[in-house]
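Each reported figure results from applying straightforward, stated rules to the coordinates on display, with no laboratory input. Note that this is a predicted model, so its numbers are computed, not measured. Positions of Cβ are backbone-derived with ideal geometry, glycine not excepted, and every protein chain shown enters the neighbour counts.
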Amino acid sequence: MTPKDVFNKIVESETERSNVALGKMMSAPGIRYKNKNYAFFHNDQMCFKLGKGFDIEQYDITEWSFLSPFKTKPPLKAWYFISEKDTHVWAEFTALAYAFIKQEVG
């Protein structure tokens, strides 16, 4: 299954939740709760909003990085990119991101 296929399967599952829809995040396809993005797909990677205090080191992930969309500003340390090498954790991280955004938004 390609990374895009994994993302599409996650979108299909997530959009069954109340107040969750497909949306855009920086021109990339994303998943949002009450119009607030909590995950998106870009360059065969998924990015998740998990909060600044999230301990990603407790997970067995091959490659990850913070979202860094600006050349002159520091990375956004609440957002975590997980590479296509770790598609097996994308669904779990989507659930974690959903829980985070739901608590944040209310």
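Computed from the coordinates I sent, P(r) over Cα pairs in 5 Å bins from 0, in percent equals one of [x] 2, 13, 25, 27, 20, 11, 2, 0; [y] 2, 10, 12, 16, 13, 11, 9, 8, 6, 5, 4, 3, 1, 1, 0; [z] 2, 12, 20, 23, 18, 13, 7, 3, 1, 0, 0. Tell me the label.
So the structure-derived entry is [x].
For segment 9-19, just list the computed ³J(HN,Hα) in residue order, Karplus coefficients 6.51, -1.76 and 1.60, θ = phi - 60°, integers in Hz, with x standing in for Gly and Pro.
3J(HN,Hα) across segment 9-19, in whole Hz: 5, 5, 4, 4, 5, 5, 6, 7, 6, 5, 6.
How do 40-53, 70-83 rank on mean C-beta neighbours within 10 Å, highest first?
Details: 40-53: 19.3, 70-83: 14.1.
Output ranking for 40-53, 70-83: 40-53, 70-83.
Please compute the length gained on full extension between residue 102 and residue 44, using 0.36 nm multiplied by the number of residues separating them and subtracting their Cα-Cα distance. If you can, show how the numbers build up before the last one.
Values: separation 58, 0.36 × 58 = 20.88 nm, distance 2.54 nm.
Difference between extended and current length: 18.3 nm.
First check a/c for segment 25-64, with a ≥ b ≥ c the square roots of the eigenvalues of its C-alpha gyration tensor; if it is under 1.5, answer rounded, and if not, answer prolate when a/b is larger than b/c or oblate otherwise. Don't jump to the answer; show the numbers that get you there.
Details: a/c = 3.18, a/b = 1.44, b/c = 2.21.
Oblate, because a/c is 1.5 or more while a/b does not exceed b/c.
Could you name the aspartates and glutamates in cross-link range of residue 34, using Cα to Cα under 14 Å and dropping any fewer than eight places away on the same chain?
Counting by Cα, and skipping residues close in sequence, residue 34 has these aspartates and glutamates nearby: 14, 16, 104.
Looking at segment 11-42, which trypsin sites (Lys or Arg not before Pro) are DSSP coil and have at most 16 other C-beta atoms within 10 Å of their C-beta? Please report the intermediate quantities before stating the final value.
Values: sites: 17, 24, 32, 34, 36; in loops: 17, 34.
Here the trypsin sites (Lys or Arg not before Pro) that fit, given the DSSP loop and packing criteria, are 17, 34.
Write out the GluC sites (Glu not before Pro) in segment 4-106 meeting two conditions: DSSP loop, and at most 15 other Cβ atoms within 10 Å of their Cβ. Each step should come with its number before you reach the end.
Values: sites: 12, 14, 16, 57, 63, 84, 92, 104; in loops: 16, 63.
Those satisfying the criteria are 16, 63.
To the nearest 0.05, how large is the calculated FRET efficiency for residue 2 and residue 76 if R₀ is 30 Å and r is the Cβ-Cβ distance? Don't skip to the end; give the middle numbers.
Numbers: r = 26 Å, r/R0 = 0.88.
With R0 = 30 Å, the Cβ-Cβ based efficiency is 0.70.
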